[in-house]
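*Asks:* One structure, as structure tokens, below. Some questions next.
The values are calculated or read from the model by the stated rules, or taken from the named source; none is laboratory data. Computed from a predicted structure; not experimentally measured. Reconstructed Cβ throughout: ideal geometry from the backbone, glycine too, with neighbour counts over all protein chains shown.
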Amino acid sequence: MTSTESAAANDTPAHRYSGALAQSIEADWQDRWDAEGTFETPNPAGPLADPAAVAGRPKKFILDMFPYPSGAGLHMGHPLGFTATDIYARYQRMTGHNVLYTMGFDAFGLPAEQYAVQTGQHPAITTDQNIANIRAQLRRLGLSHDPRRSISTTDPEYYRWTQWIFLQVFNSWCDPDTKKARPIDELVAEFDSGVRQPTSGSWSAMSPAERRAELDEWRLAYVSDAPVNWCPGLGTVVANEEVTADGRSDRGNFPVFKRNMRQWMMRITAYADRLIDDLDLLDWTDAIKAMQRNWIGRSEGATVHFGSAAGPLTVFTTRPDTLFGATFMVLAPEHPFVDTLTTPEQAHAVAAYRRAAEAKKDIDRQDDTREKTGVFTGSYATNPMNGAQVPIWIADYVLMGYGTGAIMAVPCGDERDFAFARTFGLPIVAIQQPADRSLDTSTWDDAYVGDAPYVNSSNESLALDGITSIAEAKRLTIDWLVAHGHGEGTTTYKLRDWLFSRQRYWGEPFPIVYDEDGSPHSLPASALPVLLPDTDQFSPRTFDPDDAMSNPESPLDRLGDWVWIEADLGDGPRRYRRDTNVMPQWAGSCWYELRYLDPTNDDSFVDPENERYWMGPQSEGASGGVDLYVGGVEHAVLHLLYARFWHKVLFDLGHVSSCEPFHKLFNQGYILAAAYQDERGMYVDAFGVEESNGTYTFEGRPVTREYGKMGKSLKNAIAPDEVCGQYGADTLRLYLMSMGPLDASRPWESKDVVGV
RNA sequence: GCCCGAGUGGCGGAAUGGCAGACGCGGGGGACUCAAAAUCCCUUGUUCGCAAGGACGUGUGGGUUCGAGUCCCACCUCGGGCACCA
């Protein structure tokens, strides 16, 4: 009996309701799709090449954010995006396009490792099982993926190239003149020829070790002893992007402490301007672009040097035009000048305040509701504009990590400075004449922020008085500062360099070894992949989550046989110590779209011809990149920022022809889903209505609570002029129904349905 | 507080400044059937009217225009992001 006949025999109303007939028909077709390679996509070059099939067909590269292979399988957010891309991909094929559409797995990371620790099973085993399970689920959904192009970030043949790209980054520097990455050898050549000078000292007089240290200062990937986010509860350091606003870890919700530690960093700040400016080339929503701009946080202003007993005290301000109104200075409690500036009379109070600020660091610092605290150091600074002696205070509303860690306070024009001045009785001098206020600031209720003619703002060589334009006053002030050597125009960013090492097991090892001096050396590309060593001790060292003074300890540290190696890196065989950190989960997802293009290439991470074909700019000045990228908005400042950064480095070094990885981005939003139960089992639907009393109903029945919301129709957002069938809730509803009854024993949690 | 975005039938949602509500869901009526399901046909913004036909309609109030869902100003509501960033 064929499966169609058996399906017909089972064609009872109950079977139809449960979808058994539909599933058996689907299974026949899915077998045939596999057997005939229906969805296999030809490349112009390499092992998957079929130039005749490529010729004359415009290309479309359609991409989903690839899933983490969770043990629970796909969650219901996944089919929302996958369905949309599948429909779009099928439509594009039917209209003559050569469509690249496949699916991979972002499989390194903490959940697999934590599960392994609990069960004693190696994460590679559970990861493989989970991937097999999800592949079966994807197949059952009938998605038209090219199965030959599927990858997993944990496959050594994949992470070999992740390590290779790391080496490209490590062996590069960002030319400050062009803001582009160049090979480190070219920096050496510039030092040799004297075209460029080292940051300190003379290149020709440097020892080999000094030269190595100098070069490390320039690299795009570098080891730094700087304040990082140490999370004892996770046993690892984490990136800024992975710390929540209340100072806890994004994953696990453990306390995070700022500690100076020696860690790998990526110089993403060197790309800050391009990461902002190139957003203009992208077809992304304003919301996501705004999030990236805000995260990068570019502020244009000036640095100004005030005279102080500890030397020039430099501040950053976006309002240099208000310098005449600076009536006091405020330093972050951690500022290095504090010790020198504190007078004996104030020493006790300053020390107490610094201790208190240190103690309340993360969470508490958020909690106190903008009540201004601070302490006078006893010292004064000299305002370069008018020679005024202004008191220097310390306060925790000034952050060491932004600007210079010191501010000039202009209470007449800044709310925070105004509040601080009022709290501590510091002078407030008006430097603008608002139309509706007196110049007597004791009558003011708040700071005045806006255009108004300047007053009290002139000295013997600069006259701002009477000017009404803030922009003009800024320009005149900066010109004056430069002319008199008191400062210059400056741009600062909130973005910090990307902390790139983790003290975990389940990640990509670094292709780096250290010599006896502790200097890092890159391994040659021929040594790749650096395989993650096998062990049964993949559990990280666990700490008391509140023990800020504990020290991270990578599981790889314990593997002595692996850690120490003999190698000849150009100056004879020597003994080296391997780097025992692993890369963060984001590493593998920074370039996976490129590997889909050429998944079996052993000679390079992607053949240039294939990259040009699928990703290359379609017109002069265009960014190039993936034609449609669908995924969750929660990656707006994590994956999407990191991937753009790596892609730009690869672009600068000539490895890719596209300057951006993802040309069009669509965030599918969340599913408004309702799970409900009746005599036939538990079902889920893509509708749900919130009643005014806060309960949820579906078709008049109460349902389990909530589950996000669904944005505008996918149809409209994806391709208003290329509609094939209906997208959105109705289609989604059919797909979700086709998945059959849910496991009623596993209640839906909001995280199951929020985000993809 | 600051920065984005969105408000159109019962629902999802269409509309280069030019017949608002395409397409679909849901609803109503009919065909087929012993009856249902599926399928097909008609109908479906509100309102007045027996009808022909008319009036009113895109969050609110103004404005520009021969003409505004669309452009401008002010406001209201909802959603999202950031939050002592100098």
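*Asks:* Could you please give the count of residues in the stretch A:430-455 that are surrounded by fewer than 18 Cβ atoms within 10 Å (Cβ to Cβ) and in contact with a Cys (Cβ under 9 Å, 6 or more places away or on another chain)?
*Replies:* Total meeting the criteria: 0.
*Asks:* Tell me the residue from A:D278, A:D286 that is over 29 Å from A:S501 (Cβ atoms) and of a type in the set (D, E), please.
*Replies:* A:D286
*Asks:* Within the stretch A:302-319, take every residue that is within 32 Å of the chain's Cα centre (by Cα) and buried (at least 22 other Cβ atoms within 10 Å of the Cβ) and give me the one that is nearest to A:F418 (Cα to Cα). Even if it seems obvious, please write down each step before you answer.
*Replies:* If we filter the stretch A:302-319 for residues that are within 32 Å of the chain's Cα centre (by Cα), which is where we start, we get A:302-304, A:314-319.
Next, only the ones that are buried (at least 22 other Cβ atoms within 10 Å of the Cβ) stay: A:302, A:304, A:315, A:317.
Details: A:A302: 21, A:V304: 20, A:V315: 18, A:T317: 16 Å.
The extreme case among them is A:T317.
*Asks:* For residues that are away from RNA strand B (no atom under 12 Å from the Cβ) and among the small types (G, A, S), scanning just the stretch A:357-394, find the one that is modelled with the lowest pLDDT. Steps first, answer last, please.
*Replies:* First pass over the stretch A:357-394, keeping only residues away from RNA strand B (no atom under 12 Å from the Cβ): A:358-359, A:375-393.
Restricting the remaining residues to those that are among the small types (G, A, S) gives A:359, A:378-379, A:381, A:387-388.
Working: A:A359: 71, A:G378: 96, A:S379: 96, A:A381: 97, A:G387: 94, A:A388: 95.
The qualifying residue modelled with the lowest pLDDT is A:A359.
*Asks:* Name the single residue, out of those in the stretch A:413-427 being surrounded by fewer than 22 Cβ atoms within 10 Å (Cβ to Cβ) and among the aliphatic types (A, V, I, L, M), that is farthest from RNA strand B (Cβ to nearest atom).
*Replies:* If we take residues in the stretch A:413-427 being surrounded by fewer than 22 Cβ atoms within 10 Å (Cβ to Cβ) and among the aliphatic types (A, V, I, L, M), then A:L426 is farthest from RNA strand B (Cβ to nearest atom).
*Asks:* Could I ask something else about it? Filter the stretch A:282-301 for residues that are crowded, with 17+ Cβ neighbours inside 10 Å, within 14 Å of A:K664 (Cβ to Cβ) and near RNA strand B (Cβ under 10 Å from one of its atoms) and give the result. Before the answer, list the steps.
*Replies:* First pass over the stretch A:282-301, keeping only residues crowded, with 17+ Cβ neighbours inside 10 Å: A:282, A:284, A:288, A:291-292, A:295-296, A:301.
Now narrow it down to the ones that are within 14 Å of A:K664 (Cβ to Cβ): A:282, A:284, A:288.
Across the stretch A:282-301, the qualifying residue is only A:I288.
*Asks:* For the stretch A:398-412, how many residues are more than 6 Å from RNA strand B (Cβ to nearest atom) and either aromatic (F, W, Y) or more than 17 Å from A:G487 (Cα to Cα) (or both)? So that I can check it myself, show each step before the final result.
*Replies:* If we filter the stretch A:398-412 for residues that are more than 6 Å from RNA strand B (Cβ to nearest atom), which is where we start, we get A:400-401, A:404, A:406, A:408-412.
Filter again for either aromatic (F, W, Y) or more than 17 Å from A:G487 (Cα to Cα) (or both), leaving A:400-401, A:410-412.
Here the count works out to 5.
*Asks:* Looking at the stretch A:428-451, can you tell me whether even one residue there is within 23 Å of A:L313 (Cβ to Cβ), within 13 Å of RNA strand B (Cβ to nearest atom) and of a type outside the set (A, V, I, L, M, F, W, C)?
*Replies:* no
*Asks:* Being more than 8 Å from RNA strand B (Cβ to nearest atom) and either under 27 Å from A:E472 (Cα atoms) or touching a residue at least 40 places away in the same chain (Cβ under 8 Å) (or both) is the requirement here; does A:L279 meet it? Please lay out each step first, then the result.
*Replies:* Numbers: more than 8 Å from RNA strand B (Cβ to nearest atom): yes; either under 27 Å from A:E472 (Cα atoms) or touching a residue at least 40 places away in the same chain (Cβ under 8 Å) (or both): no.
No.
*Asks:* Of these, A:A136, A:A116, which one is at pLDDT below 95, outside any loop (DSSP other than H, G, I, E, B), in contact with a Phe, Trp or Tyr (Cβ under 7 Å, 6 or more places away or on another chain) and of a type outside the set (S, T, Y)? Give the derivation first.
*Replies:* Details: A:A136 fails: in contact with a Phe, Trp or Tyr (Cβ under 7 Å, 6 or more places away or on another chain).
From the options A:A136, A:A116, the qualifying one is A:A116.
*Asks:* Among the residues of the stretch A:599-637, which ones are modelled with pLDDT under 90, away from RNA strand B (no atom under 16 Å from the Cβ) and of a type in the set (D, E, K, R)?
*Replies:* Passing the criteria: only A:E620.
This table checks each residue for (1) out of contact with any Cys (no Cβ under 8 Å at 6 or more places or on another chain); (2) part of a helix (DSSP H, G or I); (3) not hydroxyl-bearing (S, T, Y).
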position	(1), (2), (3)
A:E609	yes, yes, yes
A:Q618	yes, no, yes
A:G624	no, no, yes
A:S657	yes, no, no
A:E660	yes, no, yes
A:F666	yes, no, yes
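*Asks:* Also, quick follow-up: Testing A:R211 on (1) free of Cβ contacts under 8 Å to residues at least 60 places away in the same chain; (2) outside any helix (DSSP H, G or I); (3) surrounded by 14 or more Cβ atoms within 10 Å (Cβ to Cβ), one condition comes back false. Which one is that?
*Replies:* (2)
*Asks:* Give me the residue from the stretch A:461-479 that is surrounded by 20 or more Cβ atoms within 10 Å (Cβ to Cβ) and not aliphatic (A, V, I, L, M) and, out of that set, modelled with the highest pLDDT.
*Replies:* Looking at residues that are surrounded by 20 or more Cβ atoms within 10 Å (Cβ to Cβ) and not aliphatic (A, V, I, L, M), I get A:T477.
*Asks:* Here's a follow-up. For the stretch A:608-622, give me the residue count where each residue is buried (at least 23 other Cβ atoms within 10 Å of the Cβ) and under 24 Å from the mean Cα position of the chain (by Cα).
*Replies:* 1
Residue-by-condition table, conditions (1) surrounded by fewer than 18 Cβ atoms within 10 Å (Cβ to Cβ); (2) on the phi > 0 side of the Ramachandran plot:
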site	(1), (2)
A:E488	yes, no
A:R502	no, no
A:W506	no, no
A:I512	no, no
A:G518	yes, yes
A:P524	yes, no
A:L531	yes, no
A:S539	yes, no
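*Asks:* Filter the strands (runs of 3 or more DSSP E) completely within the stretch A:251-319 down to those with at least 3 residues that are in contact with a Gly (Cβ under 8 Å, 6 or more places away or on another chain) and under 30 Å from A:V330 (Cα atoms). Give the steps one after another, and end with the answer.
*Replies:* Working: elements: A:257-266, A:299-306, A:313-317.
It comes to A:299-306, A:313-317.
*Asks:* Is there any pair linking a residue in the stretch A:62-75 that is at negative phi and among the β-branched types (V, I, T) to one that is modelled with pLDDT of 90 or more and part of a loop (DSSP other than H, G, I, E, B), with Cβ under 7 Å and at least six apart or on different chains, and which?
*Replies:* Pairs found: A:I62/A:Y101; A:I62/A:D627.
*Asks:* Looking only at the stretch A:216-258, how many residues end up being modelled with pLDDT under 80, away from RNA strand B (no atom under 13 Å from the Cβ) and out of contact with any Lys or Arg (no Cβ under 9 Å at 6 or more places or on another chain)?
*Replies:* 4
*Asks:* In the stretch A:214-226, which residues are part of a helix (DSSP H, G or I) and within 16 Å of A:S202 (Cβ to Cβ)?
*Replies:* Across the stretch A:214-226, the qualifying residues are A:E214, A:L215.
*Asks:* Quick check on my filter: what residues within the stretch A:166-190 are at pLDDT 95 or above and either among the aromatic types (F, W, Y) or assigned to a loop (DSSP other than H, G, I, E, B) (or both)? Outline the logic, then answer.
*Replies:* Start the filter on the stretch A:166-190 by keeping residues that are at pLDDT 95 or above, which leaves A:166-175, A:180-190.
Correct list: A:F166, A:F170, A:N171, A:W173.
*Asks:* Moving on to the next point. Evaluate the following for A:I125: is it assigned to a helix (DSSP H, G or I), of a type in the set (A, V, I, L, M), under 17 Å from A:F66 (Cα atoms) and at pLDDT below 95? Talk me through it step by step, then tell me what you get.
*Replies:* Details: assigned to a helix (DSSP H, G or I): yes; of a type in the set (A, V, I, L, M): yes; under 17 Å from A:F66 (Cα atoms): no; at pLDDT below 95: yes.
No, not satisfied.
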